[in-house]
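A short reminder: the numbers here are calculations on the coordinates, not readings from a lab. Being a predicted model, the structure only gives us computed values, none of them experimental. Positions of Cβ are backbone-derived with ideal geometry, glycine not excepted, and every protein chain shown enters the neighbour counts.
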Amino acid sequence: MKVILLLSGPNLNKLGEREPAIYGTETLEDHVNSARKIAEELGYELVHFQSNSEGELVEEIQEANSNYCGIVINPGALTHYGWSIHDALASYEGIIIEVHLSNPNARETWRHTSVVAPVAHGSIIGFGGYGYQLSIKALDNIIESNGD
């Protein structure tokens, strides 16, 4: 079975209680379970890792080549300045999908730049929790289109 790595960055462990007007009332576990369900329906196993530490996220990405066919990543605020995340993802050989619950382009100016987007196959933003499902479907679509 092919395995997908779902990475969640800083503060995402506080979903459901942190700024619900922006991020909704669903918890990170709710989003992971939704993504896992879609992944399993498509024939994938989903492994989730969350950290508030940039270095721990980099280490997970560095180990990904031999373990995962794709990465779905919501880097949280590291999206905008986490160049070590960018560099780690740049060396990953599988499919990368960036996902965000809110639309960073409709928010503060400092959120308009993503250092992840240039190394991702695509970004899914602004669809709330549904974005996680869309991300898994997009990853599968790219893998199927490439014949992997």
(request) Could you please tell me which pairs satisfy a Cβ distance under 6 Å, a separation of 6+ or placement on different chains, a first residue in the stretch 126-141 that is in contact (Cβ under 8 Å) with a residue 12 or more places away in the chain and more than 18 Å from ILE96 (Cα to Cα), and a second residue that is among the small types (Gly, Ala, Ser) and not in a helix (DSSP H, G or I)? (result) GLY128/GLY24
(request) Within the stretch 46-78, count every residue that is over 15 Å from the mean Cα position of the chain (by Cα) and either touching a residue at least 60 places away in the same chain (Cβ under 8 Å) or within 22 Å of LEU134 (Cα to Cα) (or both). (result) 1
(request) Note down all Cβ pairs under 7 Å where the first residue falls in the stretch 1-16 and is closer than 26 Å to GLU41 by Cβ, the second is of a type in the set (Ser, Thr, Tyr) and assigned to a helix (DSSP H, G or I), and they're at least six residues apart or on different chains. (result) LEU15/TYR23
